[in-house]
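Novice: So that we are looking at the same thing, I have put the structure below in structure tokens.
The values are calculated or read from the model by the stated rules, or taken from the named source; none is laboratory data. Note that the structure is a prediction, hence the values are computed from the model and not measured. Glycine gets a Cβ as well: all are built from the backbone with ideal geometry, and neighbour counts include every protein chain shown.
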Amino acid sequence: MPAKASDIQKLLPESGKKNCKECGLATCFAFAMKVANAGISLEKCTYLSAESKAQLEDMLRPPISLVTIGQGARAVVIGDEEVMFRHQKTFLRPPGLALQMADTDSEEAVAAKLAKLAWQMERLEKVSRFDLVALKCSSGDSKRYAALVQRVMAETDAGLILLADNADCLLLAYEASKARNPLVCVTADNYLQVASRLDKSAAVCARAAGLEAAADLAGKLLELGLENLVLDPGSASLADLVRDQTMIRRAALQHKFRPLGFPTIFFAAAAASDPDRQLLLAVAGIAKYAGIIVLDDVSPEAFQVLLMARQDIYTDPRVAPTVESKVYSFNEADQSAAVLVTTNFALTYYAVAGETENSKLPVYLLCQDTGGLCVLAAWSTGKFVPETIAEMVKKQAVADKVTHKQLVLPGYVARLKGELEDELPGWEILVGPREAADLPKFLQELKKRRDSAA
Ligand code: SF4
């Protein structure tokens, strides 16, 4: 819950009644309103006492801190979530996905994982990929570990997660990579040696066995002035994962419990060795609040499942997913291509596009802008009607793209056929199947009909 302007005002000079205007605003209340909306810095009021400033900073701090790992376009920003459940609003910051490698891995294994860090998937007009690489020191040799860190930095711009029990290994790797803003993972055994040598702005992961131990370590790191924290309660099973993540989020959002008010990391790689099990845990982590998820390895199929799950969970449920409203070409569409029309609801588009590709026949697909409504919903609200379809056919000059004049309507709106023929004189309106799965067969039959008529 954001801080209220009235509560902020009470902590301003003379209980918010000084109204000296030196901050550039007409009243203290106007200043309080701007502070509540993050539109002005507290520094602008030079009369604030240190005590009031500290109180205000505490009041304005989000219940789950915002933490950035990495740099530039591939930086991962996690935390600052506002709700327990997606239907209450939306989940804001997709978890960072990380691949793990160790300094004892073979050359081939490291090269294969580096190649996977470059994999990309484009869906719903967004390109996604793995964001981070978790580098584990298994050798205990600081130079060998630093060499892996250097190599990974040279070959990928993914963010880094540094994992080493030995403080010297961790510090050498941190020095080599701090320009990349890595996430440095510490434990109760090594934090005292490591924490004092880190920049105060460093991103630090508190790794522990259990929630209490993680909260305890986070508290100690806070006392040392490190505030960009990530929590790892060491969840070792699906049940642990769901319990730990739920308790952390509830403690942060509902009880404002500061030692747990941080984003989290989940090591699926440590909780399961079987790749399918790891994938299951990772998807559960996506759905259940994990801020970063670390996997040992992924197949191309698992890669797609992970990225799709992340995109679906972190899509605003209040906004229908859409694709651009335009004419899409499939299978080298030429002047003989069949012309289909549907709406720009993303799920409809992907179902139709997939089956159209499967047909191996040339097709133009017109996606009319319905604000992301599916065919029936758009028809019932007057957004996918003969007038709007005809307007798109004319606007996109579809008649110039093909030598025939046949347009295929979705089967669910067969009733529009007559009126659409009135709107598009000279066009033959055909009724396609109701389900996208029946499109390949329909398109084959349409082609046969055309060939025999020719
Ligand atoms: S400078 Fe401070 S005291 Fe003066 S009006 Fe602004 S908020 Fe109020």
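Novice: Do the conditions hold for residue 76, that is, is it hydrophobic (A, V, I, L, M, F, W, C), more than 8 Å from the ligand (Cβ to nearest atom) and in contact with a strand residue (DSSP E or B) (Cβ under 9 Å, 6 or more places away or on another chain)? I'd like the intermediate steps shown before the answer.
Specialist: Details: hydrophobic (A, V, I, L, M, F, W, C): yes; more than 8 Å from the ligand (Cβ to nearest atom): yes; in contact with a strand residue (DSSP E or B) (Cβ under 9 Å, 6 or more places away or on another chain): yes.
So residue 76 fits the description; yes.
Novice: A further question on this structure: Out of the residues in the range 25-40 that are over 19 Å from residue 50 (Cβ atoms) and among the small types (Gly, Ala, Ser), state the one that is farthest from the ligand (Cβ to nearest atom).
Specialist: 38
Novice: A follow-up question, please. Are any of the residues in the range 63-86 over 30 Å from residue 185 (Cβ atoms) and either modelled with pLDDT under 90 or outside any helix (DSSP H, G or I) (or both)?
Specialist: Initially, the range 63-86 is screened for residues over 30 Å from residue 185 (Cβ atoms), giving none.
Looking through the range 63-86, none of the residues is over 30 Å from residue 185 (Cβ atoms) and either modelled with pLDDT under 90 or outside any helix (DSSP H, G or I) (or both).
Novice: Checking residue 4 against (1) more than 28 Å from the chain's Cα centre (by Cα); (2) more than 9 Å from the ligand (Cβ to nearest atom); (3) basic (Lys, Arg); (4) over 29 Å from residue 255 (Cα atoms), which single condition isn't satisfied?
Specialist: Result: residue 4 passes all but (4).
Novice: I would also like to ask the following. Sort through 343, 356, 315 and tell me the only one that's of a type in the set (Val, Ile, Thr) and modelled with pLDDT under 95. It would help to see each step written out before you state the result.
Specialist: Values: 343 fails: modelled with pLDDT under 95; 356 fails: modelled with pLDDT under 95.
Result: 315 is the single residue among 343, 356, 315 that is of a type in the set (Val, Ile, Thr) and modelled with pLDDT under 95.
Novice: Just give me the residues in the range 416-454 being of a type in the set (Lys, Arg) and loosely packed, with under 12 Cβ neighbours inside 10 Å, in sequence order.
Specialist: Start the filter on the range 416-454 by keeping residues that are of a type in the set (Lys, Arg), which leaves 417, 434, 441, 447-450.
Hit for the range 416-454 is 448, nothing else.
Novice: Right, another one. Is there a residue being more than 10 Å from the ligand (Cβ to nearest atom) and surrounded by 18 or more Cβ atoms within 10 Å (Cβ to Cβ) anywhere in the range 50-59? If you could, list the steps in order and put the result at the bottom.
Specialist: Taking the range 50-59 and keeping what is more than 10 Å from the ligand (Cβ to nearest atom), we get 50-59.
Right, trim to surrounded by 18 or more Cβ atoms within 10 Å (Cβ to Cβ) and you get 56.
Among the residues of the range 50-59, at least one is more than 10 Å from the ligand (Cβ to nearest atom) and surrounded by 18 or more Cβ atoms within 10 Å (Cβ to Cβ), which makes the answer yes.
Novice: Also: Please determine, by comparing only the residues of the range 304-339 that are farther than 30 Å from residue 405 by Cα and acidic (Asp, Glu), which one is surrounded by the fewest Cβ atoms within 10 Å (Cβ to Cβ). I'd like the intermediate steps shown before the answer.
Specialist: Here is the first cut: in the range 304-339, the ones farther than 30 Å from residue 405 by Cα are 304-321.
Among the residues that remain, those that are also acidic (Asp, Glu) are: 312, 316.
On the way: 312: 14, 316: 12.
Residue satisfying both the conditions and the ranking: 316.
Novice: Could you tell me which numbered condition residue 403 fails, if it satisfies all but one of (1) under 38 Å from the mean Cα position of the chain (by Cα); (2) exposed (fewer than 13 other Cβ atoms within 10 Å of the Cβ); (3) closer than 15 Å to residue 337 by Cα?
Specialist: Among (1) under 38 Å from the mean Cα position of the chain (by Cα); (2) exposed (fewer than 13 other Cβ atoms within 10 Å of the Cβ); (3) closer than 15 Å to residue 337 by Cα, the lone unmet condition for residue 403 is (1).
Novice: Mind listing just one residue for me: the one in the range 99-133 that is surrounded by 15 or more Cβ atoms within 10 Å (Cβ to Cβ) and among the charged types (D, E, K, R) and, of those, nearest to residue 164 (Cα to Cα)?
Specialist: 103
Novice: Can you find a residue in the range 7-24 that is more than 12 Å from the ligand (Cβ to nearest atom) and of a type in the set (Asp, Glu)?
Specialist: yes
Novice: Can you find a residue that is among the aromatic types (Phe, Trp, Tyr), within 16 Å of the ligand (Cβ to nearest atom) and crowded, with 18+ Cβ neighbours inside 10 Å anywhere in the range 81-98? Spell out how you get there, then give the answer.
Specialist: Of the residues in the range 81-98, the ones among the aromatic types (Phe, Trp, Tyr) are 85, 91.
Filter again for within 16 Å of the ligand (Cβ to nearest atom), leaving none.
No: zero hits.
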